[in-house]
1. Output the number of residues of the stretch 9-38 satisfying the condition of being within 20 Å of residue 237 (Cβ to Cβ) and in a strand (DSSP E or B).
2. With the checklist (1) within 16 Å of ligand 2 (Cβ to nearest atom); (2) at pLDDT 95 or above; (3) not hydrophobic (A, V, I, L, M, F, W, C) in hand, flag the one item residue 3 doesn't pass.
3. Working carefully through the options 159, 147, find the one that is farther than 18 Å from residue 182 by Cβ and surrounded by fewer than 20 Cβ atoms within 10 Å (Cβ to Cβ).
4. Would you be able to tell me the number of residues in the stretch 39-65 that are outside any strand (DSSP E or B) and either under 15 Å from the mean Cα position of the chain (by Cα) or among the hydrophobic types (A, V, I, L, M, F, W, C) (or both)?
5. I'm checking my understanding of the structure. Among residues of the stretch 14-52 that are farther than 20 Å from residue 163 by Cβ and among the hydroxyl-bearing types (Ser, Thr, Tyr), which one is nearest to ligand 1 (Cβ to nearest atom)?
6. List the residue pairs whose Cβ atoms are under 9 Å apart, where the first residue sits in the stretch 194-206 and is closer than 20 Å to residue 49 by Cα, the second is among the hydroxyl-bearing types (Ser, Thr, Tyr), and the two are 6 or more positions apart or on different chains.
7. Here is a list of conditions, (1) in the same structural domain as residue 30 (by TED's automatic domain parsing); (2) closer than 25 Å to residue 48 by Cβ; (3) not polar (S, T, N, Q), and residue 145 meets all of them except one; can you say which number that is?
8. Among helices (runs of 4 or more DSSP H) lying entirely in the stretch 113-230, which contain 1 or more residues that are touching a Phe, Trp or Tyr at 6+ places or on another chain (Cβ under 8 Å)?
Amino acid sequence: MPEPILELKGVTKTFGGLTAVNDVSFTVHRGEVFGVAGPNGSGKSTLFNCITGIPFGPSGGEITFDGKRIDGMAPHRIFRAGLSRTFQKDAEFPDLTARETVALGGHYGAGIGRQALAQATEAALDLVEFEPSRRDMATADLSVYGKKQLMIASALVSKPAILMLDEPASGLTRPEIAALDGLLCQVNAAGVTILIIEHVLGLLLSVSQRLLVLNQGSVLTSGDPREVIRDDRVVEAYLGSAAA
Ligand code: ADP
Ligand code: MG
């Protein structure tokens, strides 16, 4: 029996007259990779913002994580409860080393001891296969893929139950996307539930066990990824956005 870890019921987010997320409901199961697709502007990032409370929670609806209501909770408390995320535009700290950048991910809202933080940092870097010999390099000198590894490792330092990734493949080459695919499978195999937004459909189809498609803030369809992308409405939503 799949065990629910994150449940959204009727989640809505409005900005003035615009409904960016409209009555969205779905359940993520513990241990799975759950994908979120949809054309540009369909509300994917806003949905992540609602879940993590950054900067605010939803305007309406309920979000339950691990049996506890988290909508309306302060972002640092949601983070401490075990939800960690990356952003579409990742923060860069060119003057910090790779190790220092990743360690920053453990500081947000949490009172973790020095030694525990150092251990968690190395474990997160190990999990994303970031070579030990490069861990004291300046972030500025890393490749785009190296920076992605750090972004994911930063989100893993807090040992989250759910890792939320907003378009992690952006800016990567095909071989790098293949490497990211392997990396995400490895993180998931280590017991981390993953919620991933991705524009690169090939990656999304490869890593996701279930897929939800948003269009204009509403759920268009969800289910088995291979069936979902064959749905005429999904094809139309994507082609419509490509033509726009
Ligand atoms: P996606 O991530 O799917 O590309 P977004 O969630 O970023 O889409 O945006 C969904 C819609 O909400 C867009 O129309 C966008 O302009 C709007 N939107 C997002 N954030 C804000 C905001 N802070 N204020 C006003 N409108 C916003
Ligand atoms: Mg977005």
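1. Matching residues across the stretch 9-38 total 16.
2. The failed condition is (1).
3. Details: 147 fails: farther than 18 Å from residue 182 by Cβ.
Step by step, each of 159, 147 is checked, and only 159 is farther than 18 Å from residue 182 by Cβ and surrounded by fewer than 20 Cβ atoms within 10 Å (Cβ to Cβ).
4. Result for the stretch 39-65: 13.
5. Once the filter is applied, the top-ranked residue is 42.
6. Within 9 Å, the pairs are 194/208; 196/208; 197/45; 198/170; 198/208; 199/170.
7. (1)
8. Numbers: elements: 114-127, 144-156, 174-189, 201-207, 225-228.
The qualifying helices (runs of 4 or more DSSP H) are 144-156, 174-189.
The values are calculated or read from the model by the stated rules, or taken from the named source; none is laboratory data. Fair warning: this is a prediction, and the values are worked out from it, not measured in the lab. Please note: Cβ atoms are built from the backbone with ideal geometry, for glycine as well, and neighbour counts cover all protein chains shown.
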